[in-house]
Amino acid sequence: MTRGARGPSAADPVLPPVTVGGTTRDAVDFFYETSAEAVDFLSQYFGPYPFSSTGAIADNATYQGTPLGFSLETQTKPVYSAVRSTRTIAHELAHMWFGDSVTPATWDHIWLNEGFATFAEYLWQEHDGTRTAHASFLLDYARPATSSFWQIIVADPQRDTMFASAVYRRGGMTLQALREKIGDERFFTILKTWTAKYRHGNATTADFIALSEKISGQDLDAFFQTWIYTAGKPTSW
Ligand SMILES: [Zn+2]
């Protein structure tokens, strides 16, 4: 395992110290250490970190006195508008693999970024003891079938739904459901092969389905049809 991609981190000196799990650190140390931990952790599941450095730029961003809220997966150095949760830092760093290295061929395939980074949150929250990945899946899945959340077609978002929460959360659910359907060994082989095969290139949803079928040895047409190409809450897959 390649460990320890490191790089500079910078934080606005006015940012307050951060307390996580009873430990208080300066903001710059919090971002530096959390980024390093997240990259090491996610590398186990996604394959080698695709760049030579990592880090963070943390601002105290305001507009006319009101704090701005954003986190942006800028390549090797995500930008944060303020102190963010470790979960958000893990999300942005997952984009180094899914988004900044493997890039969707067109915006239609944006779930290949956001669904995968959401799945990284599932892994991270299992790592930090919040809940298992399966429990995170159930929490997202608990939205009632009548919710408009389930009406977004994940792999065919429209201009105004491209960054809808369903693209993130149903996308993440899709990956956990696939993982549980085909097993960890095959599932994580798919992710590592994906990041290697399309490293620093472009890919589509069809590419991901084809790779998943090849590695799992299963016909997954119905599975993906249900999860990412059909509106409505999946009930069997
Ligand atoms: Zn994201």
Worksheet entry | Of residues in region 153-180 being aliphatic (A, V, I, L, M) and within 16 Å of the ligand (Cβ to nearest atom), the one surrounded by the fewest Cβ atoms within 10 Å (Cβ to Cβ) | Met162
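For residues in region 85-97 being farther than 16 Å from Gly172 by Cα and within 12 Å of the ligand (Cβ to nearest atom), which is surrounded by the most Cβ atoms within 10 Å (Cβ to Cβ)?
Step by step, filter region 85-97, then rank; the result is Met96.
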Worksheet item: Is it the case that some residue within region 105-117 is closer than 21 Å to Tyr229 by Cβ, in a loop (DSSP other than H, G, I, E, B) and more than 15 Å from the chain's Cα centre (by Cα)?
Response: yes
Practice prompt. Have a look at Asp100, Asp140 and point out the one that is closer than 21 Å to Leu191 by Cβ, assigned to a loop (DSSP other than H, G, I, E, B) and within 16 Å of the ligand (Cβ to nearest atom).
Written response: Asp100
Discussion item. Considering only region 181-198, I want to know if a residue exists there that is away from the ligand (no atom under 15 Å from the Cβ), surrounded by 18 or more Cβ atoms within 10 Å (Cβ to Cβ) and more than 19 Å from Val102 (Cβ to Cβ).
Written reply: yes
Discussion item. When you check Ala145 against the structure, is it more than 12 Å from the ligand (Cβ to nearest atom), part of a helix (DSSP H, G or I) and over 26 Å from Gln75 (Cβ atoms), yes or no?
Written reply: no
Worksheet item: Arg131: touching a residue at least 24 places away in the same chain (Cβ under 8 Å) and more than 11 Å from the ligand (Cβ to nearest atom), yes or no?
Response: no
Worksheet item: Can you pull out the residues in region 32-77 that are in a strand (DSSP E or B), away from the ligand (no atom under 16 Å from the Cβ) and either surrounded by 14 or more Cβ atoms within 10 Å (Cβ to Cβ) or within 14 Å of the chain's Cα centre (by Cα) (or both)?
Response: Ile57, Ala58
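Values quoted throughout were computed directly from the atomic coordinates according to the rules given, and no laboratory measurement underlies them. Since the structure is predicted, the reported quantities are computational estimates derived from the model, not experimental observations. So basically every Cβ, Gly included, is an ideal-geometry build from the backbone, and we count neighbours across all protein chains shown.
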